[in-house]
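Below: the structure, in structure tokens.
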Amino acid sequence: MTILLKNAKIYDGTAAPPFQGDLLLKDDRIARVAPRIDAAADKIYDLQGKSVAPGFIDSHSHNDWFAIRPNCLPCFEPFIRQGITSFVTGNCGLSAAPFDGAHDAAIRAYLRPITGDIPEALPAVSMPAYLSALRALPLHTGMLVGMGTLRANAAGYELERLEDAHYRAIHRTMEQALADGALGVSLGLGYAPECFCTTEELLRVLAPLRGQDI
């Protein structure tokens, strides 16, 4: 499939002023941008000066909690209509993965007032398990691993001071999530259990990030 967009006002995403031109698309990719393109195409649209721009990135989203719900695809149509093509999820320390084990029920109960009922089938055991479930989404998704989720998974919500074993568990899970594709670590210091952290504890819990370009 080839599509030719004629007479567009083009914003190229570099902060340069827009310019008038044509765009040739082949198989969902931009094949050519020029002031004028005379080429055969399956479809040709005269935009008459309407704007064309790269897709917008929603850098603070909690869509990770409903993107895995059954029949969630219609929920994304309004975002697409606004030009959003990518999400960064897992913000505020509240990522939908990874968690599993003794504190699973507590994490779900804490988040339920925010996210609604969380499907039992949520693939939260690891970052790859979760991300693989998003392949059918019509948008790109990048995910942060939430410190609140990591801490709650290791120690629950009632313990205010972490012990050495908790730090080791958090560090292992954090490092694995980053190796598995998480873009970074998000914090939500106003929410439990992160609100219990002192400055010294926060520095220690984030120690694996020291010296990293994340």
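The values are calculated or read from the model by the stated rules, or taken from the named source; none is laboratory data. The shown structure was predicted, so the numbers you read here are calculated from the model rather than taken from an experiment. With ideal geometry, Cβ positions are generated from the backbone for all residues, glycine too; neighbour counts draw on all protein chains shown. Areas reflect the complete protein model, heavy atoms only, side chains present, ligands, DNA and RNA absent. Shrake-Rupley method; radii C 1.70, N 1.55, O 1.52, S 1.80 Å.
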Would you mind checking which residues have amide H under 5 Å from A31's amide H? H placed 1.01 Å from N; only 5 or more apart, or other chain. L24, L25, K26
Over region 67-214, relative contact order from alpha-carbon pairs under 8 Å, at least 6 apart, %: 30
Dipole magnitude (debye, nearest 20) for the chain, charges at Cβ of Lys, Arg, Asp, Glu: 680
How large is ³J(HN,Hα), in whole Hz, for each residue of region 30-39 in order, when computed from phi with the Karplus curve 6.51 cos²θ - 1.76 cosθ + 1.60 and θ = phi - 60°, using x for Gly and Pro? 6, 8, 7, 10, 7, x, 8, 10, 10, 8
Of all DSSP beta bridges in the chain, what percent run antiparallel (nearest 5)? 45
Rounded to whole Hz and in sequence order, give me ³J(HN,Hα) for region 165-179 from the Karplus expression 6.51 cos²θ - 1.76 cosθ + 1.60, θ = phi - 60°, writing x for Gly and Pro. 4, 5, 4, 4, 5, 5, 4, 4, 5, 4, 4, 5, 4, 5, 5
Cα convex hull volume per residue for region 127-214 (Å³): 106
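Please give the peptides 96-104, 53-61 ranked by average Cβ packing (other Cβ atoms within 10 Å per residue), highest first, as a rough proxy for protection. Display every interim value, and only then the final one.
Numbers: 96-104: 19.0, 53-61: 13.8.
Final packing ranking: 96-104, 53-61.
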Under 13 Å from a point 7 Å along the Cα-to-Cβ line of E158: which residues of region 194-208 have their amide N that close? none
Distance in nm between pseudo-label sites at H60 and L203 (7 Å out along the Cβ direction from Cα): 2.7
How do K43, K50 rank by accessible surface area computed with a 1.4 Å probe, from largest to smallest? K50, K43
R112 accessible area, assembled protein chains, probe 1.4 Å, Å²: 100
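What is the percent of Cα-Cα separations in the chain that go past 27 Å? Don't skip to the end; give the middle numbers.
Numbers: 10167 of 22791 pairs.
Everything past 27 Å amounts to 45 percent.
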In units of 2.2 N^0.38 Å, what is the alpha-carbon radius of gyration of region 2-120? 1.52
Gap in Å between the Cα centre of region 1-32 and the Cα centre of region 150-214? 43
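How high is the FRET efficiency between L189 and V125 when r is their beta carbon distance and R₀ equals 25 Å, given to the nearest 0.05? Mind dumping the intermediate values first?
On the way: r = 26 Å, r/R0 = 1.05.
Working from the Cβ atoms, E equals 0.45.
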Solvent-free Debye scattering, log10 I(q)/I(0), computed from the Cα coordinates of region 60-149 at q = 0.10, 0.11, 0.12, 0.25 Å⁻¹: -0.23, -0.28, -0.34, -1.46
V33 - accessible surface, heavy atoms, 1.4 Å probe, Å² rounded to 10: 70
